[in-house]
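The values are calculated or read from the model by the stated rules, or taken from the named source; none is laboratory data. Note that the structure is a prediction, hence the values are computed from the model and not measured. Heads up, the Cβs are rebuilt from the backbone with ideal geometry, glycines too, and the neighbour counts pull from every protein chain shown. In case anyone asks, the SASA skips ligands and DNA or RNA and just uses the protein heavy atoms, side chains included. Shrake-Rupley method; radii C 1.70, N 1.55, O 1.52, S 1.80 Å.
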Amino acid sequence: GTAVDEVLQEGISVGVEALIADIGLQEEDILTRIGSRYRTLSDFFLSLHQPPDMKEAFRALDEARMITAFHLRNMAQKVKERAPTDASRVSLNDELLADLIGGLPYSLTGEQHQAIGEIVADLRSAVAMRRLLSGDVGTGKTVTFLVPAIAAIRAGAVVAIICPNILLAKQLTDEANAFFPGTKSVLVTSGAKRAIQRGALLIGTTALISAMGKANLVPDILICDEQQRLGRGQREALLAEHTNFLEATATAIPRTIAIATHGGMDVSVLRACPVQKDIVTRLVTPADREKLFDFLGGIAKRGGQIAIIYPRLDDDGGPRSSVVAAAKHWERLFPGQVAMLHGRLSEQEKLDALESMKCGARQVLVASSVIEVGVTIKGLRGVMVVDADRYGVSQLHQIRGRLAREGGKGYMFLYLTSQPEAYEGETIDRLRLVEAERDGFELAEKDAYARGFGDMSEDGDQQNGRLPTLFYGIRLKPDDLLER
């Protein structure tokens, strides 16, 4: 009746006002931008909530998807809109850049040269850099961002690199010192007592945030290595208006992929691996457990190194179900050849365990997922991830990236402690995706489409999952986000 019509019209008016406020454009602009088939937003809302037939209902739903997709693209674009400031400019010397690259122990790939050029162009601009360097595992991501970083320090800039853990920070410091011996690199951790100063490449964990605050230093360039392991607040706590920001990762988070793909960030991609690697990934069930353990043991007996990854640290799940229990088991099989690594060890214990593998003193590493980001063990040929269903796509791809760092054959086993039918279909699909796809960028995009893009607004903090859209129940397909 009339009362129902009045309520509907009032609801439509509220909906139109809310939509205009959310998108931030006038009604006519919204309709024009999406190529609407409706004369007004009120007509659209009426068809959406009270369609005269099914044809009109589907037409209105399609329009809702178009509006939602436009809203997401619009939010992503706003992330990139920054006011220019001369304080963002970092003048890099071309001759110095050439000398730094020429002094490396190996030749860079074409993609590395291109990425360095893109980063350098960003730094010379008056608009603060916001760039994603997506370098798949083994493609030389570290040296790609170190070259412009070192050149910037020589030009007087304050440069900081923030890492998710002490293992990666220490490794990155060692690599910087080895590649560029003329530049001082300082490792900043929670236990560091020495005050930091200008003129050095600052590399550290989140301890950098307080250390730079105490030293009253604001980075001109901030590089976040393996960004998917750090929260947005941690990544951006050091950012000033003029700070050039580079996020580097082997597997980009869904939010970043969405922003990068749809205009919010610039992207440099490294796909070419300088060495030939053949990594076999297999999903393994309890039926093949004995064969799997024999195979891994065979690698170790032939002089290769293996890693067994567990999600649990303590012995609360039965024999050989945790890092601690499994380390004892493998120690009996390979006396004196087993290293144990997990998050509850002290920083020095972690570094010692990793060094015993790096130098070849140990053949078997039993660890938690603490090794997943950036850690290089050159002789690693086999990895088994126990309870692989507990890990995300990014984690599994990162762990796989530890294999065959100098080329050759490597084996990655995703071990399930129950038969596949005991798991949800989404879980098995995720593991099959890792099994089938080895390209990190493609893997990240497919994972983003499967899990959702996260919050693409400028202040967004939701990293993945289904995005709260403008219309309840509307789920976008990848093609919906393309410009029409």
*Taking segment 362-397 as the search range and keeping residues that are of a type in the set (D, E, K, R) and over 12 Å from Ile306 (Cβ atoms), which one is most open to solvent (accessible area, probe 1.4 Å)?*
Arg390
*Regarding Asp387, is this residue on the phi > 0 side of the Ramachandran plot and among the acidic types (Asp, Glu)?*
yes
_When residues of segment 62-107 are limited to those that are among the basic types (Lys, Arg) and open to solvent by 40 Å² or more (accessible area, probe 1.4 Å), the one farthest from Tyr38 (Cα to Cα)_ = Arg89
*Does segment 354-361 contain any residue that is among the hydrophobic types (A, V, I, L, M, F, W, C), closer than 30 Å to Gly191 by Cα, open to solvent by 50 Å² or more (accessible area, probe 1.4 Å) and in a loop (DSSP other than H, G, I, E, B)?*
yes
*May I ask you to list pairs of residues, at least six apart or on different chains, whose Cβ atoms are under 8 Å apart, with the first in segment 92-111 being over 25 Å from Val275 (Cβ atoms) and the second being among the small types (Gly, Ala, Ser)?*
Leu92/Ala151; Leu92/Ala152; Leu92/Ala155; Asn93/Ala151; Asn93/Ala155; Leu96/Ala151
*Would you check if Arg65 is of a type in the set (Lys, Arg), touching a helix residue (DSSP H, G or I) at 6+ places or on another chain (Cβ under 6 Å) and either within 24 Å of Val267 (Cβ to Cβ) or in a helix (DSSP H, G or I) (or both)?*
yes
_Candidates Val373, Val393, Val434, filtered to the one that is modelled with pLDDT under 85, within 21 Å of the chain's Cα centre (by Cα) and not charged (D, E, K, R)_ = Val373
*Is it the case that Ser13 is open to solvent by 30 Å² or more (accessible area, probe 1.4 Å), hydroxyl-bearing (Ser, Thr, Tyr) and not in a helix (DSSP H, G or I)?*
no
*How about segment 157-175: which of its residues are at pLDDT below 95 and among the small types (Gly, Ala, Ser)?*
Ala169
*Going by the conditions given, is Leu132 within 24 Å of Val218 (Cα to Cα) and open to solvent by less than 10 Å² (accessible area, probe 1.4 Å)?*
yes
_If I ask for residues that are charged (D, E, K, R) and either over 23 Å from the mean Cα position of the chain (by Cα) or modelled with pLDDT of 90 or more (or both), which ones from segment 206-236 would you list?_
Lys214, Asp220
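Please go through segment 267-296 and pick out each residue that is among the small types (Gly, Ala, Ser) and in a loop (DSSP other than H, G, I, E, B).
Ala272
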*Going through segment 336-353 one residue at a time, which ones are open to solvent by 40 Å² or more (accessible area, probe 1.4 Å) and in a strand (DSSP E or B)?*
Met340
_Just checking, does segment 413-426 include any residue being surrounded by 14 or more Cβ atoms within 10 Å (Cβ to Cβ), at pLDDT 70 or above, among the aromatic types (Phe, Trp, Tyr) and in a strand (DSSP E or B)?_
yes
*asked:* Any residue at all in segment 177-186 that's touching a residue at least 40 places away in the same chain (Cβ under 8 Å), under 24 Å from Arg405 (Cα atoms) and in a helix (DSSP H, G or I)?
replied: yes
